[in-house]
Every structure is written in structure tokens, then in C-alpha cells.
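Below is one structure, written out as C-alpha cells, with a few remarks after it.
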């Protein structure tokens, strides 16, 4: 079956006769799932059909059945929701870079590309945290450091 075949009479026909549902599955849930897919296909084809079914409170069993049986020929794939990268993870990238590449020089732009933070944010962070030190006589250059070793050596 294709998603283009979903109309009201076809949905009723599917719900009553053709598809054997799991015993715990109720026909109203199945019909709601089919109507959600019909709405998704006609009104919001660029969004996720799985999310549309979730928004309309279709039970997980019906969503799983629809994903395996009806969405094989869907025009877009169901993509898992990606979590945004947190700021602490961006700082952790810079710390790891500094510890693994001791005394290597980087430009501000390279640090921006690696971490995903802004140039001013990196400059302020580097001045306060000690993982990078500004290279004298070179504007926009930073030298990777290990702040723990720097503290031990200064004592």
C-alpha cells in the first residue's frame, strides 16, 4: 500500500478488514494513526510522520506498525531528533585539544572552527582558564598549554 492511497473510505476498509492488529491494539488507535498519516502526507510532507503520530497521541505499538508497514515508501526518512551540542561540550573540545597538543599554536579562527564558539568567547575563556596563552607579538594566535603543569612549574 502507498501513502497516496489513504482516503477516508480506504482507512475504514483497512481498519475493519485487511490488517490484523495485535490483540492489545484497538481499532480507534489504528484509525487515528491512519488519519494522522493522511494529514501528514497531504498537509506537512516535509515534517516527520513519526512526530505527527506522537503529537496526536497514537500509541507506540501503532506507530511501530505504521513505521514498518506503511512508511517504507515515504518520501522522507524518519530521522531521530539530534540533540544540540552543549556549551560545556564545546569547551571540553578545546580543553582536550590543548592537553593533547601541548605548545602547538592555533589561530583564533581555527579554535572557532574546532569548538563552534565565537571568537570573543574563546578569547575571554582562554584568558581565564589557562588552556591557551596568547602568543606575544602575534595577534590572534594562541599556544596550547596545560594549566596544571603551568601551576606546578610556577611554585
Exercise for review: Quickly work out the residue 150-to-residue 128 label distance, labels modelled 7 Å from Cα along the C-beta direction, and quote it in nm with one decimal.
Suggested key: 1.5
**Study point:** Separation of the residue 43 and residue 69 label points, Cα + 7 Å toward Cβ, nm
**Key:** 2.4
Exercise for review: Pull out a ≥ b ≥ c, the square roots of the eigenvalues of the alpha-carbon gyration tensor of the range 87-154, then state rounded if a/c is under 1.5, prolate if not and a/b is larger than b/c, and oblate in the remaining case.
Suggested key: oblate
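Each value in this text was obtained by applying a stated rule to the coordinates, not by laboratory testing. Predicted model, so just to flag it, every value in this text is computed and none were measured. Every residue, glycine as well, gets a Cβ built from its backbone with ideal geometry; the counts of neighbours run over all protein chains shown.
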